[in-house]
Amino acid sequence: MIISVLRTCFLYAVILFAVRLMGKRQISEMQTSELVITLLMSNIATIPMQDTEQSMLSGLIPIMVLLVCEIFLSYLMLKSSGIRRAVCGKPVIVINDGTLDQKAMAELRITTEDLMEQLRQKDIFDISQVSYAIVETNGMLSILKKAEEETLCVKDIGLKKDKSRILFTVISDGKLAPVSMKMSGLSREKIDKIMLKEKTDIKDIFIMTADCDGRYNIIRKEQR
């Protein structure tokens, strides 16, 4: 029993490491080759997990081979657009200048219900609002609304607005986040001064966000 648990934990760590090496894509954004490799590695890992008489190498070696194949294939796709198209396919326009391309939908085997579902996920409930819709190689739908349907931006009405700013979480549940501190330019000394100013302590902060200009927001932990 203990051996089975240890083998499972070890193979779990190996799979996590392998997926981490493959990149930072989310599951919904995986290309065809990445999804196939992930499924194969998962299935291979279950064999030594369930059968303790199997050698760990019987699971590790195929996983490592698949990982090397995926990294090598990714490199080839980076260097050759032809190989990338052969493996991942190419984007397909399903709505062209406001006209629905039924032939393209049939080739992709996309039903009208599938298309409308993806449009609704992008807050579009009327297909007549769309100028272009493109099915990307990962299956996601990219859309361009008609000009008259676009939402007004600040620049469209001539207003001036402060530049956009990125907020970094420098304290999470009473613990400092060194990477976010570095990116926001906040040192431990500066945070200590803020704590003194706010009359609180780091361990009493649920979340603290800050930007590169020194502006911050603090949410204290609720008293239990």
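Coordinate-derived values only; no laboratory data. Note that this is a predicted model, so its numbers are computed, not measured. Neighbour counts are summed over all protein chains in view; Cβ atoms, including those assigned to glycine, are modelled from backbone coordinates with ideal geometry.
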Cβ density ranking, 10 Å radius, fewest first, applied to S80, S74 yields S80, S74
Magnitude of the Cβ-charge dipole (Lys and Arg +1, Asp and Glu -1) of the chain about the Cα centre, nearest 20 debye, reported as 1060 debye
Looking only at aspartates and glutamates whose Cα falls under 12 Å of K182's and that sit 8 or more positions away or on another chain, we get D211
If T112, T38 are placed from fewest to most neighbouring beta carbons inside 10 Å, the sequence is T112, T38
Lys and Arg at +1, Asp and Glu at -1: neighbours of I218 with Cβ under 15 Å from its Cβ sum to +2
Loop-resident GluC sites (Glu not before Pro) in region 89-168 with no more than 15 other Cβ atoms inside 10 Å, DSSP not H/G/I/E/B, are E136, E150
Filtering trypsin sites (Lys or Arg not before Pro) in region 88-156 by DSSP loop and by at most 16 other Cβ atoms within 10 Å leaves R109, K122, K146
Charge dipole of the chain built from unit charges on the beta carbon (Lys, Arg +1; Asp, Glu -1), centred at mean Cα; most positive-end Cα among S142, V87, Y12 is Y12
Computed on Cα atoms only, the convex hull of region 131-224 has an orientation-averaged projected area in nm² of 10.7 nm²
Per-residue Cβ contact counts at 10 Å, fewest first, order D101, D192 as D192, D101
Unit-weight point scatterers at every alpha-carbon of region 123-163, Debye formula, q = 0.16, 0.30, 0.32 1/Å: log10 I(q)/I(0) is -0.58, -1.01, -1.08
Result row for the chain, helices from DSSP H with C-alpha axial extent 27 Å or more and mean Kyte hydropathy at least -0.5, is 2-22, 32-50, 57-79
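How many percent of all Cα-Cα pairs in the chain sit more than 24 Å apart?
Beyond 24 Å sits 69 percent of the P(r) for the chain.
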